[in-house]
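Notes follow once the structure below has been shown.
Values quoted throughout were computed directly from the atomic coordinates according to the rules given, and no laboratory measurement underlies them. This structure is a prediction, so every number in the text was calculated from the model and none was measured. Using ideal geometry, Cβ is built from the backbone for each residue, glycine included, and neighbour counts are taken over all protein chains shown.
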Amino acid sequence: MTENDFLKVIDLSKHFKGLKAVDEVNFNVDEGEFLGIIGPNGAGKTTLFNLITGFLKPTSGRIYFRGRDITGTKPHERVKLGIARTFQVTKPFRKFTVVENVIISALIAKKQGKIQEHERDFAMEVLEKVDLAHRTDVLAENLPHGEVKKLEIARALATKPELLLLDEPFSGLTGEEVETLQDVIKSIHKNGITVILIEHVLKACMALSERIIVLNYGKIIADGTPQQVCMDRQVIEAYLGKRGLEFATG
Amino acid sequence: MEKTKVSAGILEKKYAALIAFGIIAAIIPLITPSIYIIHVLILAHIFVIYAASWDILTGYTGQLNLGHAMFFGLSAYVVAITNTMLNLPLLFSTIAGVFSAFLLSLLVGVPCLRLRGPYLAITTFSFSWILFLLASSAMIWLSGGEEGVRGVKTFVVGSVPNYYLSLVLMILSVYLLYRIASSETGLILKAIKEDEDAAMACGIDTTRYKLLAFILSGIFAGIAGAFYAQYMRIVTVDVVTLELSASAITFSLIGGIGTIVGPAIGAYMLTILFEGFSWLADYRILIYNLIIVAFVLFLPGGLISLKEKVNKKRKMVIGNDRK
């Protein structure tokens, strides 16, 4: 184990009463990487996210972040270390305005000395980044779905993360919204934040990710560049079934 | 610059209402000859603290507490018992009472940190029920049951001095709770109420803040209970009943949950109404409950939401002007 390892997942498993949601998963993420995680429904993607962010405790295995064992730590401690997330089913503070939603994260970041400026100014900066600055004082419950997705990302960004985990940020968005959000995420990554993305919208995932891991039944069945993964027989079979594979490969 | 001016204006308005209330409250004993009215108002002051203390945990942090009387009642009993049986000076009894409420808030709060929704509600209810059973039967040798613990000393003698003491205590307590609720801490508590998982994802140590809310809630209810014990000079099972726990909820519901000031207003008005119509005998319970149903149906935000509605209309007018 060296200090250079950014995120290291070793033999990670999570069983729910016999169901192996995540089964002995191993992978590394380098600093500055953009990793996509794909897989059919129920493959264990969100469970894997919950394990990395501390919302679930693993049945076995370990997680290291920057060489530090974080396996037993709580979600807020991981946020402090620099791991932030969004939720697949969005969880805005509904009765808060857009800026208040982001201020909450900024407040904590300020208490931890991660930001110097006033939390409101910082929250506004973040809202500009995700293109929500025009919605500052709207109640979160009145936002359309596409903007709630952006708000989730803003709230995660305001914790000043080094690693950002995005759980299906494109789900339910229109084609146009997908494109703008894709640009937002690209610029976040360009600013030096390592990103792990779970996505069903494969087109966006393929376009953004430098590397893709494919999960099926809790196991990694492929790990490589988007091109490599697309050609992988196991991956095609996981998505299309055996007959689909025969059809696809002629 | 303009921003600070505006907020200063709001502040002034808030304090104007408070000062007006303070002046009226201060001269009431001078204009009324009725000791009974003074007595009712003292009870109102005590229940204001009690309701506001419930609100910081349930209204702000979203942790449904169905047994709030346990903090009030335990503190009242500890004051009465230590003062009469152990002959502790009243000041020390009071400190012991509030401290016991603090300890109870830890005892209840720590296991409750892992619980959510109905599980939490049942647990708080059970704790208060245990306390009621202890006071009403199991530990009757200590609590005196219906007879109660009698002969508690008072800080000040007479209705009018107690009136002013309770008034000061109420204003201080509500002010402190309101300040906490309006601070960054209050915003964090509200975030936990809105969505606990999201709050964690923002980096909030939800366990710590929930416990903080439990402790604040317990301590201020304990203060109310301690004052009640020395003012009434007798503590009976009334202080740990289900009715008292329920009244924390009804006061807050009618005043406006999650605002501190709302539950305070609700407690003040309902205590006066309930006592003022005591000639209606049992019918007042019927009327009381009809009022509650009416509020749930027609004004779920409570009395305080009336003000917000007016403000919103005013804001809309200003907004239109700008356009």
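Observations on the structure shown:
- For the protein assembly as shown: rounded, prolate or oblate by the Cα gyration tensor [a/c cutoff 1.5]: prolate
- Report summary: the helix-based calculation at 222 nm, which adds -39500 (n - 2.57) for every DSSP H run with n ≥ 4 and divides by the residues of the protein assembly as shown, gives -19500 deg cm²/dmol.
- Selection of chymotrypsin sites (Phe, Trp or Tyr not before Pro), region A:52-115, meeting DSSP coil and at most 15 other Cβ within 10 Å: none
- Ranked B:GLU275, B:GLU146, criterion: other C-beta atoms within 10 Å, fewest first: B:GLU146, B:GLU275
- Neighbouring partner chain Cβ atoms per residue of B:202-214, average, 10 Å criterion: 5
- Order of A:PHE34, B:PHE72 - criterion: other Cβ atoms within 10 Å of each residue's Cβ, fewest first: A:PHE34, B:PHE72
- Peptide B:189-196 - average C-beta neighbours from other chains (10 Å radius): 5
- Pairwise centroid distance, computed over Cα atoms, of region A:174-250 with region B:30-64, Å: 60 Å
- Protection proxy ranking of A:23-33, B:228-238, by the mean of other Cβ atoms within 10 Å over each peptide's residues and highest first, is B:228-238, A:23-33.
- Taking max minus min of the alpha-carbon positions on each principal axis, region A:92-160 gives extents of 33, 21, 17 Å, largest first.
- Cβ-placed point charges (K, R +1; D, E -1), dipole of chain A about Cα centre in debye, nearest 20: 880 debye
- For peptides A:159-167, B:112-120, sequence by mean Cβ density within 10 Å, most packed first: A:159-167, B:112-120
- Across peptide A:92-101, the mean count of Cβ atoms from other chains lying within 10 Å of each residue's own Cβ comes to 3.
- Relative to the longest principal axis of the Cα atoms of chain A, the long axis of helix A:119-129 lies at roughly 50 degrees.
- The fewest-to-most ranking of A:ARG211, A:ARG68, A:ARG85, A:ARG78 by surrounding Cβ atoms within 10 Å reads A:ARG68, A:ARG211, A:ARG78, A:ARG85.
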